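See below for the structure under consideration.
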Amino acid sequence: MMEGLVMAMTPVTKYTQGARFLCTEDTCPYSSGFQYIRVHVPGATESATVRNDFTCTLCGSSLKEDVKFRVLGDKQLVDVIHTRAMDALRAHLTSSFRYQSTTVFLRDELCHQMKMGGMYRIIGIPAFVHQWPKVALSVEANSIQPWIPKCPAFISDNFQSLLSVTACSPWRFSAILANIFGSHVVPPGMYNTLKLCLLLSLVQTCGDEGEPGNFLDLLTLTNDTLIVDRLLMYSLGIVARGTRHLASGDIFATVSKDEHGTGTANVQAGSALLATGGICFVGDLSSYKKDKLDLLYSVLETRTAIVFIPGKKYGEDVDQQLSFPIKCNFWAVTDNCAPSKRALKSDGAVLGSVDIGSFPSKMSNAFGLLIHCREAACDYPALALTHHTLREALNPGKPLYPASTQFTTQDYEALIALARSLQTELSPEAESLIHGYYMASRRVRTDPVHGSKLSAASVKLLMSLAEAHAKLNLRSRVLEEDAVIAVLLCENSITLKHGGSALVLSPNAVFPCDLHDHESLHRRDVNLMQLHQQILQFILTYAPEATAYITEE
């Protein structure tokens with residue numbers, strides 16, 4: 001029995017289930033009939049069933065196959081690797097071990113039972129294939145079951161106490177979580193909006209069977225890519241399935257010739273497929289070439305990666321096209337201070353929008369949430385970050401803040417695992433607020449020539465954000481207050497892409513003040529309640545037919 005992650009597979013090919021052989025000596029009684037029948041047994045290779053050096057046990061003459069009686073079956077080869085190899089894929093190397101993949105043979109009804117990037121428990125028979133001078137170990141599968149590794153999903157005593165203390169407000173628990181998150185990388189209170197979105201995206205990761213539409217992709221604009229990159233890398237280690245992709249590699253899949261002698265193609269999973277059910281951090285988009293950006297954009301739009309296999313190159317009569325569903329959240333970062341080709345057109349920029357750098361503007365629309373880290377432009381956060389870095393250099397490995405000791409990384413891992421497992425239901429109030437805001441925002445952002453700037457995907461984004469915020473607060477019901485946070489984050493993102501609207505919000509609307517005591521938390525609650533009323537008024541003005549309850553509110 002073995003458990004592991006599927007990292008490569010071949011298309012389904014044929015193998016010989018059984019064959020009939022006849023003696024080549026016409027006078028031999030075994031030159032006819034069914035005296036020599038060879039059948040495949042688990043763990044055997046193709047050459048054990050069919051080859052040309054068999055001899056007759058009666059007369060010693062050579063045997064030849066009667067091809068009319070050959071019985072064929074389906075065969076597929078899958079490479080499986082240990083799940084601990086994921087530590088290397090997200091650049092968290094904790095040891096000098098090397099992980100070697102094992103080839104698993106799937107036959108007949110087991111073909112197509114394993115999906116690229118999925119984790120499975122396999123029961124099978126080991127087989128040693130001698131290919132001089134090497135000996136390859138493979139496993140012929142008899143049973144395959146999806147396997148989900150056990151992750152500690154609980155809430156620590158400190159988080160439990162925090163949840164009880166903040167029960168008076170639906171916003172405080174998640175605000176404190178974001179405020180102190182990542183204190184190993186940045187001081188508490190810095191990049192709070194980004195850290196909240198990272199936690200929401202971590203919570204909104206799904207299993208291999210996750211439903212499409214619940215994805216939460218993040219694109220971060222910053223003028224300090226080094227610090228933001230470190231923060232995203234730290235966050236990547238919170239979930240079990242996370243990969244750091246390098247621009248030089250293939251993000252989705254590559255095709256090469258199978259090394260097991262089958263002559264067919266071998267499709268190897270890229271970073272996105274290996275991050276199934278987790279996070280794929282693609283790094284700085286400015287380092288990608290246009291063809292790879294176009295491919296990433298296509299997959300973000302369709303959530304499907306297409307792999308083309310030329311038939312002539314891999315011994316097939318016809319070309320094949322395989323499709324793989326992409327079930328992970330994408331994170332990316334870009335330097336908004338980088339020179340842009342659109343700089344000459346800045347006179348026509350819409351108020352509130354920002355220059356997103358040198359890559360195509362359609363990429364910002366493909367990513368669900370666009371976040372602008374503005375804190376680094378101020379002197380005080382830069383000074384705080386300098387102080388943090390110096391203290392970390394003088395005290396390596398030691399916690400720099402009381403919160404780092406009280407709420408550890410392991411506590412966050414367990415909390416995120418628990419939040420991911422929650423099943424939520426959308427309250428009518430939250431649904432009405434989301435749909436009302438979408439209708440109103442779509443109307444105020446409609447261009448007479450190009451139509452509306454908001455696509456239907458914005459509704460999915462709003463739903464996903466509200467659901468994730470409810471999960472992060474360990475609630476099974478999505479409240480109207482969760483929808484308020486979703487609207488604020490989404491409106492700021494749309495403003496960065498397309499400019500402002502009649503719903504005028506501060507860039508730091510979700511965190512209007514520093515959180516350092518009970519009074520600041522109360523002040524934030526008051527501001528959010530005022531913004532809630534502002535959103536309701538916006539809906540009443542531009543989408544009065546949304547719902548009746550808004551009038552009552």
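The values are calculated or read from the model by the stated rules, or taken from the named source; none is laboratory data. Note that this is a predicted model, so its numbers are computed, not measured. Note: ideal-geometry Cβ built from the backbone for every residue, glycine included; neighbour counts use all protein chains shown. SASA here: full protein model, heavy atoms, side chains in, ligands and nucleic acids out. Shrake-Rupley method; radii C 1.70, N 1.55, O 1.52, S 1.80 Å.
At-a-glance table
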{"item": "Nonlocal amide H pairs with GLN320, under 5 Å, H built at 1.01 Å", "result": "ILE309, GLY311"}
{"item": "Cβ-derived FRET efficiency at R0 45 Å, ALA136 paired with ILE37, nearest 0.05", "result": "0.95"}
{"item": "Accessible carbon and sulfur surface of the chain relative to its total accessible area, %, 1.4 Å", "result": "54 percent"}
{"item": "Those trypsin sites (Lys or Arg not before Pro) in the stretch 128-206 that DSSP places in a loop and that have at most 16 other beta carbons within 10 Å", "result": "LYS150"}
{"item": "Chymotrypsin sites (Phe, Trp or Tyr not before Pro) restricted to DSSP loop in the stretch 1-98 with at most 13 other C-beta within 10 Å", "result": "PHE34, PHE97"}
{"item": "Which of ALA8, LEU218, ASN395, positive extreme of dipole for the chain (C-beta unit charges)", "result": "ALA8"}
{"item": "Distant-in-sequence amide H partners of SER62 (H built 1.01 Å from N, under 5 Å)", "result": "THR24, CYS56"}
{"item": "Residues whose placed amide H lies under 5 Å from that of ALA8, excluding near-sequence neighbours", "result": "ASP79, ALA269"}
{"item": "q = 0.15, 0.20 Å⁻¹, the stretch 452-548: log10 I(q)/I(0) [Debye, one scatterer per Cα]", "result": "-0.67, -1.17"}
{"item": "Of the trypsin sites (Lys or Arg not before Pro) in the stretch 2-39, those whose Cβ has at most 12 other Cβ within 10 Å and which sit in DSSP loop", "result": "none"}
{"item": "Accessible area in square angstrom per residue, the stretch 408-553, 1.4 angstrom probe", "result": "43 Å²"}
{"item": "Rounded to the nearest 10 Å², the accessible area of LEU418 at probe 1.4 Å", "result": "40 Å²"}
{"item": "Net charge dipole size for the chain [Lys, Arg +1 and Asp, Glu -1 on Cβ; Debye, nearest 20]", "result": "940 debye"}
{"item": "Distance histogram for the chain (every C-alpha pair counted, 10 angstrom bins, percent rounded to whole numbers)", "result": "3, 16, 24, 22, 15, 9, 6, 4, 2, 1, 0"}
{"item": "Pairs of Cα atoms farther than 17 Å apart, the stretch 430-488, %", "result": "39 percent"}
{"item": "Options GLN145, VAL165, MET439, ranked by Cα towards positive dipole end of the chain, top entry (Cβ charges)", "result": "GLN145"}
{"item": "Kyte-Doolittle at least -1.0, axis length at least 30 Å by Cα - qualifying DSSP helices, the chain", "result": "518-542"}
{"item": "Projected area averaged over orientations for the stretch 100-255, convex hull of C-alpha atoms, nm²", "result": "14.6 nm²"}
